[in-house]
Structure formats: C-alpha cells, structure tokens
C-alpha cells in the first residue's frame, strides 16, 4: 500500500510536469514573438516620418507584454521546479524502503568526539546509516536536532511526547511533503539559516558608523534637492550638472570602500530571492500544527506570545529584503544600479534592516530551532509512515532493567532480507552471550539491539512487533582500528576502548535514571586465546557486577563456563547449513537465533570454499637434466 502510494504520486507528478513544460514552451515562444514585435515597431517608428508615435506606443505595449510574459514564465518555471522536487522526494522514499543507499542523499554530520565510537559501531551516520535512512532535515538546525536525538537518549516523558507528535504527523502526508519541499528549497544554500542567525544576533554594522549613515542621507537629500532646484529653474543647468556629478563621484568613492561589506550583509540575511518567504512558510506550517499535541504546544510557546507572532515580524523583513533583492532582478537591476550611484540606495535599505535586527534579531534562533525540531519529528514520522509493521517501544522506568522484543530486526535491512528474532536481554547481573559461525548473524544481532534502542530513545518507531526497554545509555566496542600516526596498536586501541566502557559502568552503577547497555563484538582479539578468555571474563564480570546490561558475541565457547560468568550467562547461537557434496557444496544461513551454544564452526569449511583447504594435489615431480 505504501509503495503504491508513492508510485501513484510519481506518475501524477509526471503528468503535471509534462503539461507544465508544454505551457513553458508556449510561453517561451510567445515571449520571443512579443519582443520581436516590440523591436520591429520601435525600428519602424524611428524610421517613419508620419505616425511614428503610433509605432512607439505599439512598441511600448509589446515590451510591457514581454515583461509580463517573462514574469509569468518565471512563475511557471518555479512551479515546474517544485513538481520535479516533489517527484524526486517520492522516488527517494521508495529508495529508502528498498535500502538503495547509492540513490539516497548522504549528509555530512559533525559527530562529537565522545559519541564517535558508538556512532561508527551502530552505523548511525554516513553511508548506509540510520541518519541516511531517516533524515528529511535540510536546515542545519534540523540536522543538528536529529543528530542529537539519535546520540542522546531522551527521558521517558520526552519520548512519549515525541511519539505522540510522530503519530500525528505520520497521518498528515501533505504537511510532511510541504515541509520537505520548503526545506529542500531553503537547503539549496545549506549555510543560509546559519548565516541569517549570525546576522540577527550580531552587532549592527552601519549603526556603529553613524557618520556613514548620516553622510548617505545627506548625499541623497543633496542629489534630490539639486535635481528639483535645477528643474524648476533656480539653478543653471551647468551648475546643476556639476553638483550632481560631484555627488555621484562622492557616492562612487563610498561604494568602492563599503559596498562589498553591505552586499555581504544582504547575502547573510537572504542568499536568494525567496529565503525569508520560505522561513515564513515553514513557521506558518508550525503555527497550524494541532494544539492537542504536547510537543507542538510547547514548541509553539517558544516562538513568541502567539504561534503566529513570527509571521507578522517576518512580514516587515520580507518587504525590506524584497527591495534589497531588486539588485538581482534582471529587468530592474539597471534602475537599481542607477539609484545606487545617485542616492546610495543600499545604505538606506541597510538602515531599515538594522532597525529590524535591533527589534527582533534575538527571536530568530528560537524560530529556526523550532523549524529544526519539526524537521526532526517529520523525519521520524515519515519513518513510521513508510514502515507500518514497526512499533513504538514502551519505556519502563523503575526496577525493571531489561530489553524485551518480539520479531526484532535490523532497521537498515530491507524487508525482503531482514530476518527477525525474539529478544530477551537482562536483568542486570546477567548478559547475553552470542555464539555461532562466521557470517551467521552475531554482529548483526548486536547492531539490531543498539540501533533499535537508539531509535526508541529518540522517540522513533523500532523494527519490531513489540519492544520494551528501560532507560539506557549505549556503549559499544565493535569496530576497533589501530593508528600508525598515533603509534597505537590494535590491542592497545581495544584496551583503551574497554577502559572507557569500564569507566562508564562505574559512572552509571548508582544511577537511578539510566542503565548502561554494552554491546561487545569479538573483543580483545589482539592477544592469544588463553589470555583473551581471562581478560574478557574480567571485563564482562566487572560490567555485570556494576549493574550494566549487555550482549557479547564470541567464537570462544568456553566463556560460558568460566566461573566469573557462568552464573549470569544467557547463551544463544546462530548456525549455518551446508548442502551438497564435494565441489557442489553450498553454505547458507537462516540468521535465526537459537538457545544454547553454537554446536558447529565453519572456519575450515570457508577455507575450503575459497581454495585454501587441505592440499590434496600430488607432489610435484622433479626431472633431471642431462
């Protein structure tokens, strides 16, 4: 049903796009015709001795028609652009459902140092990641909000509020699509919102140079006065011309010295013709969100006395920025340039901008933060909409320190390859020991647990039929790398990561708010098997004694019987199936989790499959040379 919904929208947008492109082609030809008529009429009027004024009127009318058609054509092209973007949005969502990662945009996310290990181990960011699957955030504020939600677990109350908001928006496809569209249009210049905030909260540039502001006003008044006095005959034309020439010359000097900085300020406020209008549209969407949702009500309260207050404040800014952006208009750019040299128009517009900055600048960050939070909620809502078989987890506070799940799968796997398993982790004092052959699914299980917990505590649905957990803080050791630059061996890198995890367990031992969840995948491989077993037993035993909850994958089956771990060890395993004989043998995996220790291993069999098994070829013969 969801797939058909997106496919229908793609086809509908294509029909609309075909129709609007035909209209655009007709308008293009008509624009060319009206311009040609205007040109011909002007030439005929110039060369004709009689009734030339009629031709000039016709030329003027044709040119006005050309201008009107050009403006309408631009509007039609803007419509076509939006339809293409909407169509691409639906295509991208289909790619997300199929996990076609190469077709989904990848956003660079700045992950804080203290979260980088967990983020890398659980594929939270980057290519083929949770963020790539989930994010519909296009502003820096939306990206930062969704990142922080995935990295920092929310309280049970916050999770409940977000789940309610996600459920509300999951049912409102039109709102989410419109929000995505406006965000994409604004996100063409990804730094625009950040630049806008920096200007709004910064120091006014022109106000600190009062002499320049008053000089610009004096020169503008002087030009107008000289022009009026000259026109009414109180000044000789030559004197008027010299006065105007002197004013323009002085204006030119000022423009050479300061116009670049003024232009930079205009670009900070609005990098394009529609930036401020897009902010208004996004804020208007937030103002119309339902008031019966706690998350939205609290969000609207941060925007001003009323949810619509930012709209009225931005309306004035829209007019000011509209004047400033006339310099980018192809038809009005020349008259604007003339005004620049005769009255320093940019400096007067900047005065108005800085007055708005003084009155309303400190409110801009809360507005854009609100936009970012709605982008994050909309991202999670789209995830819920596109995965109707996922569920919202239940967060249990109190003494129940465990994770329970039914039909738990890895969120980054497509439905046709995702194998789901029952999950029981905890209580504290116990741990899940995951054994099994190579490639059988041990690491995937650990990541399934971690990713689903991260989504759950962000307020998102999880890949499960049921999911229940206590408040958790995730820590992991899965992908350890050595560093030649830092002179750190693989084993030392592992030890450092273990120390960080042990230190975390001390920190959370007496916490009444959150339990440490550790996920350890084949740890301490950088030493011999005998010492590794002792070391792993000590580390896991320490974590158990400090009230942490966790899962450990290993090939070392003897870990289950070590004295320090046997009392709290819950064993599960994955296995492979070998079919056929001889060279026709095949190894397959069902990725189903079973109770107990793994009964088989497959390392030697895999060696045979790649041609590195026992050498059964006859020894090479030697030949004597006479």
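Annotation: residue 136 fulfils all but one of (1) assigned to a helix (DSSP H, G or I); (2) under 25 Å from residue 286 (Cβ atoms); the unmet one is (1). In this entry, residue 306 passes the filter for residues that are more than 30 Å from residue 222 (Cα to Cα) and at pLDDT below 85.
Answer yes or no as to whether residue 194 is crowded, with 21+ Cβ neighbours inside 10 Å and either under 29 Å from residue 444 (Cβ atoms) or in contact with a helix residue (DSSP H, G or I) (Cβ under 6 Å, 6 or more places away or on another chain) (or both). Here the answer is no, as residue 194 does not meet what is asked. Output yes when any residue across segment 396-410 is within 19 Å of residue 456 (Cα to Cα), part of a loop (DSSP other than H, G, I, E, B), under 26 Å from the mean Cα position of the chain (by Cα) and touching a residue at least 24 places away in the same chain (Cβ under 8 Å), and no when none is. So far as segment 396-410 goes, yes, one or more of its residues are within 19 Å of residue 456 (Cα to Cα), part of a loop (DSSP other than H, G, I, E, B), under 26 Å from the mean Cα position of the chain (by Cα) and touching a residue at least 24 places away in the same chain (Cβ under 8 Å). Looking only at segment 393-412, residues that are out of contact with any strand residue (DSSP E or B) (no Cβ under 9 Å at 6 or more places or on another chain) and either surrounded by fewer than 17 Cβ atoms within 10 Å (Cβ to Cβ) or at pLDDT below 95 (or both) come to 3 in all.
Applying a threshold of 7 Å to beta carbon distances and a minimum spacing of six or more residues, or different chains, the list of pairs starting in segment 240-251 at a residue that is free of Cβ contacts under 8 Å to residues at least 60 places away in the same chain and ending at one that is surrounded by 18 or more Cβ atoms within 10 Å (Cβ to Cβ) and in a helix (DSSP H, G or I) reads 240/226; 240/230; 243/226; 250/219.
Annotation note: Cβ proximity below 8 Å between a residue of segment 49-69 that is free of Cβ contacts under 8 Å to residues at least 12 places away in the same chain and a residue that is surrounded by fewer than 13 Cβ atoms within 10 Å (Cβ to Cβ) (sequence gap 6+ or interchain) occurs for 52/46. Within segment 583-609, the set of residues being at pLDDT 85 or above, surrounded by 13 or more Cβ atoms within 10 Å (Cβ to Cβ) and assigned to a strand (DSSP E or B) comprises just one member, 594.
Sub-6 Å Cβ pairs linking a first residue in segment 537-558 that is on the phi > 0 side of the Ramachandran plot and in the same structural domain as residue 504 (by TED's automatic domain parsing) to a second residue that is surrounded by fewer than 17 Cβ atoms within 10 Å (Cβ to Cβ) and part of a loop (DSSP other than H, G, I, E, B), at least 6 apart or interchain, are 547/509, ordered by first then second residue. Evaluation of residue 63 against the conditions (1) under 30 Å from residue 443 (Cβ atoms); (2) surrounded by 15 or more Cβ atoms within 10 Å (Cβ to Cβ) shows that the sole unmet condition is (1). Assess whether residue 388 counts as being crowded, with 17+ Cβ neighbours inside 10 Å and under 31 Å from the mean Cα position of the chain (by Cα). No; evaluated as a whole, the condition is false for this residue.
Among the residues of segment 214-236, the ones that are farther than 20 Å from residue 338 by Cβ and touching a helix residue (DSSP H, G or I) at 6+ places or on another chain (Cβ under 6 Å) come to 1 in all.
The values are calculated or read from the model by the stated rules, or taken from the named source; none is laboratory data. All of these numbers come straight from a predicted model, not from anything done at the bench. Methodologically, a virtual Cβ is constructed for each residue, glycine included, from the backbone with ideal geometry; neighbour enumeration extends over all protein chains shown.
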